[in-house]
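Working notes, structure below.
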Amino acid sequence: MLPTLDVKHAYSMCLGAVITLTGVSLWQRLTPPPTHEIPESPEISKVVVPPLPTTFTRPNTKDSENIGSLRVGNRTDRSVRIVLLSRITSQNDWQAIEPLNWDFAPNEGGKEGLLLSLPNYKVVIGKGDVIFAFATDGSRTYWGPNIVGETDAPFWDSQNKEWSMVLQP
């Protein structure tokens, strides 16, 4: 059996709902929305990236010996995403799943950097590959695009036979 509701209680409930909805509507109109905008001040958005040390020379890009793995370090206080678009398609088994990306926590990899890899594949890069890094916190901070063998970053470490890139604030 269904409970019955008399008109007196129904009127009170409807009047309460109307008053509640009116109050919420007025509150939404009178309260300013929260702003999550990034300030356009040039002092805040300016990012100074120091040059790489002069001890790292740009490799001879005419030979194909400068194909190796990629090591990346994040010295910033921001979480970043590294994106790789490889042009060495003859040696890459993973070409069907690119562009590849990795996420780094603030200061992850530090000074030495971390060797980038995939679960089932070794990642190798060479001349012409494109590496791009950007902060994932909405600050619009980015590094790149860096073209392997043509820009200063990443640099070739001939001792370890790998490319290295360290992101700095």
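The residue of region 134-164 that is least open to solvent (accessible area, probe 1.4 Å), among those that are among the charged types (D, E, K, R) and farther than 17 Å from GLY113 by Cβ, is ASP137. Determine whether region 35-44 contains at least one residue that is part of a helix (DSSP H, G or I) and either surrounded by 10 or more Cβ atoms within 10 Å (Cβ to Cβ) or modelled with pLDDT of 85 or more (or both). Yes. Could you list, in sequence order, the residues of region 116-158 that are in contact (Cβ under 8 Å) with a residue 24 or more places away in the chain and among the aliphatic types (A, V, I, L, M)? Scanning region 116-158 gives LEU116, LEU118, VAL123, VAL124, ILE125, VAL130, ILE131, ALA133, ALA135, ALA153. Evaluation of VAL18 against the conditions (1) open to solvent by less than 100 Å² (accessible area, probe 1.4 Å); (2) under 30 Å from SER139 (Cα atoms); (3) modelled with pLDDT of 70 or more shows that the sole unmet condition is (2).
Taken together, the residues in region 66-98 that are modelled with pLDDT under 85 and open to solvent by 80 Å² or more (accessible area, probe 1.4 Å) amount to 7. For ARG58, are the conditions met, namely being modelled with pLDDT under 90, open to solvent by 20 Å² or more (accessible area, probe 1.4 Å) and within 13 Å of TRP163 (Cα to Cα)? Judged against the criteria, ARG58 is a match. Scanning region 121-136 for residues that are in a loop (DSSP other than H, G, I, E, B) and modelled with pLDDT under 90 yields TYR121, VAL123, VAL124, GLY126, LYS127, GLY128, ASP129.
The values are calculated or read from the model by the stated rules, or taken from the named source; none is laboratory data. Remember, predicted model here, so these are calculated numbers, not experimental data. For neighbour counting, all protein chains shown are included, and Cβ atoms are generated from backbone atoms with ideal geometry for every residue, glycine included. Just the protein is used for accessible areas: all its heavy atoms, side chains included, with ligands, DNA and RNA removed. Shrake-Rupley method; radii C 1.70, N 1.55, O 1.52, S 1.80 Å.
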